[in-house]
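Trainee: Below are the structure tokens for one structure; questions will follow.
The values are calculated or read from the model by the stated rules, or taken from the named source; none is laboratory data. This structure is a prediction, so every number in the text was calculated from the model and none was measured. Cβ coordinates were reconstructed from backbone atoms using ideal geometry, including for glycine residues, and neighbour counts include every protein chain displayed.
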Amino acid sequence: MTEIDDKMINQFFQAEKKEVKDNGFSRRVMRNLPDRGEKLSKIWAAFCTAIGIVLFFLFNGLEAILNILREAFNGAMQSGIAHLDIKSLLLIVLVFIGLGVKKVCQIA
Amino acid sequence: MSQLNDISLVAQVVVLKNTKAFDELVKKYQSAIRRFFLNQTLGDSELSDDLAQETFIKAYTNIASFKNLSNFSTWLYRIAYNVFFDYIRSRKETSEIDAREVDAIHNSEQENVGQKMDIYQSLKTLKEVERTCVTLFYMEDVSIEKIAGIIGCPTGTVKSHLSRGKEKLATYLKHNGYDGN
């Protein structure tokens with residue numbers, strides 16, 4: 001193995017050394033990375049939901065909701081159903097239906 | 001300076017889970033890693049990209065184990081080398097079919113000897129480990145000590161692989177009329 005051979009091989013490889021263009025490779029790698037943050041947020045959300053359900057039943061949440069609804073209904077009846085704006089009521093119902101459909105689509 | 005920048009980016013990925021910092025590392029090293037795989041796979045760009053992607057994903061999931069005892073590039077080449085040899089091992093079952101395919105390709109290329117000087121044809125004359133040592137040393141300018149760290153061999157073994165590889169390449173290049181000019 002002579003010095004000339006060494007130089008020749010070096011020249012050959014340096015001449016063949018080319019930059020490989022990215023062409024979306026980095027984006028593809030980033031898209032396929034395991035998402036550690038998402039995993040943690042899912043675990044956290046599940047934990048919070050479980051705590052929420054336990055507290056709801058522990059503090060008799062169902063009865064509290066029924067009381068609120070009953071009071072709201074009684075209040076509405078007392079203030080007089082004749083003063084109710086039907087258009088506003090209809091708009092509120094439509095907004096709630098829209099939000100519900102959007103949520104169902106997201107889950108699907 | 002570059003080494004400091006790499007350490008800063010790695011720290012951002014480990015501590016702050018900053019994926020943008022990792023994106024910068026991918027953009028910085030994608031060319032070198034993909035070129036490394038292109039040389040190992042003798043120009044199979046699709047396979048090279050798959051192996052390079054696997055390398056970066058492994059680097060991301062194990063980035064906390066980067067202890068800064070070596071350059072980030074050396075650590076990345078070590079992962080790339082392991083990914084490639086895991087792939088080679090997984091293909092051993094079909095090695096007979098591959099050997100037949102390689103022979104067929106080799107035979108058809110023998111007809112073109114002297115017409116085209118292709119780097120992948122020259123690398124085909126080398127064993128896999130010789131190819132790794134030669135391409136890292138001559139193309140990627142990695143020192144013998146670092147190559148030893150990458151392939152997990154003593155420096156003496158790397159020198160032997162380099163010497164045998166250079167000898168085969170010199171013979172091949174001379175045989176095909178290449179004189180470096």
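Trainee: Which ones in region A:22-60 are more than 8 Å from every other protein chain (Cβ to nearest Cβ), within 30 Å of B:Y29 (Cα to Cα) and not aliphatic (A, V, I, L, M)? Please lay out each step first, then the result.
Mentor: Narrowing region A:22-60 to residues more than 8 Å from every other protein chain (Cβ to nearest Cβ): A:23-24, A:27, A:31, A:35, A:38-60.
If we keep only those that are within 30 Å of B:Y29 (Cα to Cα) too, we end up with A:23-24, A:27, A:31, A:35, A:38-40.
Residues satisfying the conditions are A:N23, A:G24, A:R27, A:R31, A:D35, A:E38, A:K39.
Trainee: If you don't mind, another one. Quick one: A:K21 ticks every box in (1) within 25 Å of the chain's Cα centre (by Cα); (2) in a loop (DSSP other than H, G, I, E, B) bar one, so which box is it?
Mentor: Status for A:K21: all satisfied but (1).
Trainee: Here's a follow-up. What is the number of the single condition among (1) at pLDDT below 90; (2) within 11 Å of chain A (Cβ to nearest Cβ) that B:D50 does not meet?
Mentor: Failing condition for B:D50: (1).
Trainee: Further, regarding this structure: State all residues of region B:60-79 that are at pLDDT below 90 and within 14 Å of chain A (Cβ to nearest Cβ); if no residue qualifies, say none.
Mentor: Of everything in region B:60-79, just one residue is at pLDDT below 90 and within 14 Å of chain A (Cβ to nearest Cβ), namely B:A64.
Residue-by-condition table, conditions (1) in a helix (DSSP H, G or I); (2) among the aromatic types (F, W, Y); (3) touching a residue at least 24 places away in the same chain (Cβ under 8 Å); (4) surrounded by 11 or more Cβ atoms within 10 Å (Cβ to Cβ):
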residue	(1), (2), (3), (4)
A:D6	yes, no, no, yes
A:N10	yes, no, no, yes
A:F13	yes, yes, no, yes
A:R27	yes, no, no, yes
A:K39	yes, no, no, no
A:W44	yes, yes, no, no
A:F47	yes, yes, no, no
A:I51	yes, no, no, no
A:E63	yes, no, no, no
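Trainee: Next question. So B:V10 passes all but one of these: (1) more than 30 Å from A:E16 (Cα to Cα); (2) out of contact with any helix residue (DSSP H, G or I) (no Cβ under 8 Å at 6 or more places or on another chain). Which condition number does it fail?
Mentor: Against the list (1) more than 30 Å from A:E16 (Cα to Cα); (2) out of contact with any helix residue (DSSP H, G or I) (no Cβ under 8 Å at 6 or more places or on another chain), B:V10 comes up short only on (2).
Yes or no, residue by residue, for (1) surrounded by fewer than 18 Cβ atoms within 10 Å (Cβ to Cβ); (2) modelled with pLDDT under 80:
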residue	(1), (2)
B:K92	yes, yes
B:I97	yes, yes
B:E101	yes, yes
B:N107	yes, yes
B:N112	yes, yes
B:I119	no, no
B:T125	yes, no
B:T135	no, no
